[in-house]
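Laboratory data are not the source of any read-out in this text; all were calculated from the coordinates shown. Keep in mind the model is a prediction, meaning the values are calculated, not measured. Here the Cβ positions follow ideal geometry from the backbone for every residue, glycine too, while neighbour counts run over all protein chains shown.
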Amino acid sequence: MNYTIDLTGKSAIVTGATAGIGRAIALGLAECGADVMVCGRNEERANEVVQEIQKMGRKSIAFQMDVKSEADAAEMAKTAEAYFGKIDLLYNNAGTISMSTIENLPLADWEEIFAVNCRGVFLCSRAVIPYMKKQGGGRIVNTASQCGKTGAALLTHYCATKAAVIGFTKGLALELAQDNIRVNCFCPGSVMTDMTLRESVWASEIQGRDAETILREWESAIPLGHYADPVEIARVAVFLATELSDYMTGQAVNVSGGQEMH
Ligand SMILES: NC(=O)c1ccc[n+]([C@@H]2O[C@H](COP(=O)([O-])OP(=O)(O)OC[C@H]3O[C@@H](n4cnc5c(N)ncnc54)[C@H](O)[C@@H]3O)[C@@H](O)[C@H]2O)c1
């Protein structure tokens, strides 16, 4: 019986790994022994994460991509297989957000958020699955959100995409169960990243209130009393890549400091 986390010899792809939760996942996986492809739109920032991982003695490469692009997703999988020889783990973490009342929400925002948060998850998964099948298994972990379960005012489009990610996770988990490919997602609550800071500025503009006050109000609604550090989210994301979670597939795991319980 082994209860330790050792990902030595495993190779992982993490999208949106240049910042926030994705960066913490990439570093967490490497700390546990995995080799990591760091995907992001900004090559310079991706290379900074790569260097941190290489300092831990792991193999790592940066891959510049837009998850909305079918060609980029295919190239991502091909490059990872060529570099690592296999793909054990895919983290579909890249995501975007904007904030608006429903009446003022531009169609372009609706379409962009679905393209990144949903089409991106589909394209990257579809690109990687043939490699996982060929090698006899793998794991896909998607970053959803508590917003996909509870809903949130001014974020209707974002909530819709994250509910879709949860549905996609469940369908794919059933489809791939016999292929030894586990598919799960996790649902962060409020995490202290650039995304949350941007949201507080938008909320302040819409509501005509101070962004700092709004941030404090949001924090006071978290039962555990503080915003998640990205590392607190990454720990659960890493767990979903290990043998310790072998009997889980199709799950949407809350990591929300007690804010979401369903
Ligand atoms: N911050 C939170 O409170 C929170 C809560 C729940 C879920 N999430 C989700 O967690 C994930 C990471 O968010 P974060 O808080 O770290 O935000 P972040 O803005 O710090 O990081 C998002 C990452 O995704 C990348 N990205 C965005 N669009 C992309 C595209 N088209 N192609 C490739 N990469 C792209 C960004 O460059 C960045 O690296 C997202 O899916 C987000 O929806 C965040």
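Some points to look at:
- If the convex hull is drawn through the Cα atoms of the chain, its volume per residue in Å³: 126 Å³
- Prolate/oblate/rounded call for the stretch 1-83, Cα gyration tensor, a/c under 1.5 rounded: prolate
- Residue with peak Gaussian network fluctuation, the chain [Cα springs, cutoff 10 Å], from Leu176, Leu27, Leu224: Leu224
- Degrees, to the nearest 10: 211-220 long Cα axis against longest axis of the chain: 70 degrees
- Counting neighbouring beta carbons within 10 Å and listing from fewest to most, the residues Tyr131, Tyr158 come out as Tyr131, Tyr158.
- Estimated [θ] at 222 nm from DSSP helical runs (n ≥ 4, -39500 (n - 2.57)) normalised by residues in the chain, nearest 500: -14500 deg cm²/dmol
- Which listed pairs, of Lys134/Lys170; Lys78/Lys134; Lys10/Lys149, have C-alpha distances above 20 Å, in listed order: Lys134/Lys170; Lys10/Lys149
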